[in-house]
1. I'd like the carbon and sulfur percentage of the solvent accessible area for the stretch 288-404, probe radius 1.4 Å, heavy atoms only, ligands and nucleic acids excluded.
2. If you take the alpha carbon radius of gyration of the stretch 423-561 and divide it by 2.2 N^0.38 Å, what ratio comes out, to two decimals?
3. Relative to the longest principal axis of the chain, what angle (0 to 90°, nearest 10) does the C-alpha long axis of helix 196-212 take?
4. 222 nm [θ] for the chain, helices only, -39500 (n - 2.57) per DSSP H run of 4+, per residue, to 500?
5. Which values, in whole Å and largest first, are the semi-axes of the equivalent ellipsoid of the stretch 255-330 obtained as the square root of 5 times each eigenvalue of the Cα gyration tensor?
6. In whole percent, how big is the carbon plus sulfur part of the accessible area of the stretch 144-264, probe 1.4 Å, protein atoms only?
7. Once neighbouring chains are kept in place and the probe is 1.4 Å, which whole percent of the accessible area of the stretch 419-561 is contributed by carbon and sulfur?
8. Just the number: Rg to Rh for the stretch 7-127, Cα atoms, Kirkwood Rh, two decimals.
Amino acid sequence: MARSASRPEARSATGTDWWRTAVIYQVYPRSFADSNGDGIGDLPGITARLDALVELGVDAVWLSPFYTSPQKDGGYDVADYTAVDPLFGTLDDFDALLARAHALSLKLIIDLVPNHSSSEHPWFQAALAAGPGSPERARYLFRDGLGADGDVPPNNWQSVFGGPAWTRVIERDGRPGQWYLHLFDTSQPDFDWTNEEVHELFRGVLRFWLERGADGFRVDVAHGMAKKPGLPDWTPPDPGLEGSSHDTTAPYWAQPGVHPIFRDWRRVLAEFGPDRVLIGEAWVEPLSKLAEWVRPDEMQQTFNFTFLETPWDAVRLKKVVDDSLAAFGSVGAPSTWVLSNHDVIRHATRLGLTPPPPQGEGLGPGSRLHPDDAVGVRRARAATALMLALPGSAYLYQGEELGLPEVIDLPDSARQDPTFFRTGGANYGRDGSRVPLPWESAAPTAGFGPAGAAATGASWLPQPPSWPGYARDAQLGIPGATLEFYREALAARRTHHLASNELVWLPSPDADVLVFRSGAVTVIANAGPTPVALPAGRVVLASGPVGSGRLPGDTTAWVVD
Ligand code: NOJ
Ligand code: CA
């Protein structure tokens, strides 16, 4: 099989608007590649493996947090926004990673976590020490409790990870005192974004990384930084949504106060030229509301979780594609597309579950749902072939190019997601999507860690026995392997300009089938069980075996006439 070109000039996403068509690959540093054998992935490990991402054919890499952190929430609990945690390396290691990425013509996006800090951040420690009414406490959301003794939380908000969103502190006199807000874990106190000092802190953080050369930021919880004034009680219309990131009627999600922050940051980015980007992690519905995050003077793009959460159903997929293109198009932004990340059940497993469990519930040995792996990966490849044919920018999550499934049978003792602990084990959480990657089938830890004397055979989450079979070296150059399918898809997407063409729907032969035209390519996705006729022409990509002019169920093909 011919290797696709990896020369920079062969790449499509260049120029100041590179992000409009880019394929952006998410690296979760703990789980990508471990250079020193301590069982935890690190920055030198990523640098050493970047060639593989060029060979895959992506345009940019987004790194989940690698900053100083007690790691209570996989690094989304930052204690120092401008330092590298020794677990992951040093600032020099970051510079080397960035230099290598740029030498390979890969853009590098880093994560920004502005809704909350770690409770170990010096500002929070100072707030605890300074006491009620102090300027130090005013950087966070401290409030007095209700009731005669102040022992009732200031309002009824629930944490996304389960349990109340407030924790009471012990004051310097040794007595219980004020409460602080944490929409996530107790170790993640929310900043008060009405405080100018908070704005100044983050302008400084942006400039620090932009000066080093970072190409942009993926902004964590970009729907949560502004809270409704007065912090009113809230009862969700659907009690199942208590604390969920999904109900944007909550007084802590999608408040208008977030938008001036993004406009301010956009001006900071502009100090460094026209091509640095802001990408919002905003769980906001409907899409017409989410589009407000990407108005021309705000962020460049935002994740499309409505697409991610759409089941494998032709009618619903067509609607979400139309809604996305209309909503983002109305503000001049590209749509984005994503199927997996470190917070959701991997799509090779999720699409084999009907219906999939809600985000955060996760999967474990005691789950009520049992995925069909063969169906899952078949649909996952079909869904990926659909996604990569759509106009706009697409996100891949490390390991999906290997067809990795969610790891379900992690022992409780290995789990680390705070969701698991804060729900008393009722929700397994997200660890199953974070198991360290397999690179070489015959190596210790399937090549996640080093070989030779440094090999320890350890990885921070245990790899299942099936992992070597998914290893990169077991798939590279093997026709039909998921890795080769991804490489072919990314190469053909570039060759046929699918990311920048206009999508035109064509009549469908079956209610379960989507057909559209993109330039010279006809894309046909069969989300049902029944084979249908393939359009005439040459098949340039198929997510699974096709033959004799028929497109089987759960398969997508790209055909050039
Ligand atoms: C979204 C991140 O992707 C997730 O991993 C994290 O737990 C929450 N935000 C809180 O920072
Ligand atoms: Ca390491």
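The values are calculated or read from the model by the stated rules, or taken from the named source; none is laboratory data. Since the structure is predicted, the reported quantities are computational estimates derived from the model, not experimental observations. Quick reminder, even Gly has a Cβ in these numbers, built from the backbone with ideal geometry, and neighbours come from all protein chains shown. The accessibility values were calculated without ligands, DNA or RNA, using every heavy atom of the protein model including side chains. Shrake-Rupley method; radii C 1.70, N 1.55, O 1.52, S 1.80 Å.
1. Working: 1910 of 3450 Å².
Its accessible area is 56 percent carbon and sulfur atoms.
2. Values: Rg = 20.0 Å, N = 139, 2.2 N^0.38 = 14.3 Å.
In units of the globular-protein estimate, the stretch 423-561 measures up at 1.39.
3. 40 degrees
4. So the calculated ellipticity at 222 nm is -7000 deg cm²/dmol.
5. Working: eigenvalues 143, 30, 19 Å².
They are 27, 12, 10 Å, listed largest first.
6. Working: 2520 of 4780 Å².
The value for the stretch 144-264 is 53 percent carbon and sulfur by accessible area.
7. Numbers: 3250 of 5610 Å².
Using a 1.4 Å probe with all protein chains present, the stretch 419-561 comes out at 58 percent carbon and sulfur.
8. On the way: Rg = 15.4 Å, Rh = 15.2 Å.
Ratio of gyration radius to Kirkwood radius for the stretch 7-127: 1.02.
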